Amino acid sequence: MSKYEATIVVNVKLEDEERAAVIERVKEYITRFGGTVTGVDEAGKKRLAYEIQKTREAYYYFISFDAGSDTPNELEKVLRITDNVIRYLIVKKEA
């Protein structure tokens, strides 16, 4: 198993409960695809470098997880169509 980190950028227009539900869904997908979530870091509301979907701010979350090599690809497929996820990036951490 390798270590990965997913950066999730969530729509600023959501309420706290809705944002928490989006992150919980992402964590459930990670475990469904065979991974183990090791940490979630909420970076809070940040100003975007450029306007995305007519908004200038978004909430940033960093999710660390251990998984096999197929999990990041499967997670990207789901994040691509997930409502309220503006952007995402999954990177493999160095050993």
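The values are calculated or read from the model by the stated rules, or taken from the named source; none is laboratory data. The model shown is predicted, which means the values in this text are computed figures rather than measured ones. Positions of Cβ are generated from backbone atoms using ideal geometry, with glycine treated the same way; all protein chains shown enter the neighbour counts. We work out accessible area using only protein heavy atoms, side chains counted, and drop any ligands, DNA or RNA first. Shrake-Rupley method; radii C 1.70, N 1.55, O 1.52, S 1.80 Å.
A few notes on this one:
- For the chain, the 222 nm mean residue ellipticity estimated from helices alone, with every DSSP H stretch of n ≥ 4 adding -39500 (n - 2.57) and the total spread over all residues, rounds to -9500 deg cm²/dmol.
- Rounded to whole Hz, the Karplus (6.51, -1.76, 1.60) HN-Hα couplings of segment 74-82, x for glycine and proline: 5, 5, 4, 4, 6, 5, 4, 10, 6
- For segment 22-28, 3J(HN,Hα) computed residue by residue from phi via the Karplus equation (6.51, -1.76, 1.60; θ = phi - 60°) reads 4, 5, 4, 4, 5, 5, 5 Hz, glycine and proline entered as x.
- The H on the amide N of ILE86, modeled in the peptide plane, is under 5 Å from the matching H of VAL9, VAL10, ASN11, each at least 5 residues off or on a different chain.
- Per residue accessible area of segment 20-92, 1.4 Å probe, in Å²: 61 Å²
- The accessible surface of the chain, taken with every protein chain in place and a 1.4 Å probe, is 44 percent carbon and sulfur.
- In order through segment 4-21: 3J(HN,Hα) via Karplus (6.51 cos²θ - 1.76 cosθ + 1.60), integer Hz, x for Gly, Pro: 10, 9, 10, 9, 10, 10, 10, 3, 6, 7, 7, 6, 4, 5, 5, 5, 4, 5
- When only Cα pairs below 8 angstrom with a gap of at least 6 residues are kept, the chain shows a relative contact order of 49 percent.
- Pairs of Lys residues in the chain are counted when their Cα atoms are under 17 angstrom apart and they lie 8 or more places apart or on different chains; the count is 11.
- At most 13 other Cβ within 10 Å, DSSP loop - trypsin sites (Lys or Arg not before Pro), segment 1-73: LYS13, LYS54
- Among [x] 1.42; [y] 1.12; [z] 0.96, the entry that matches Rg/Rh (Cα atoms, Kirkwood Rh) as calculated here: [z]
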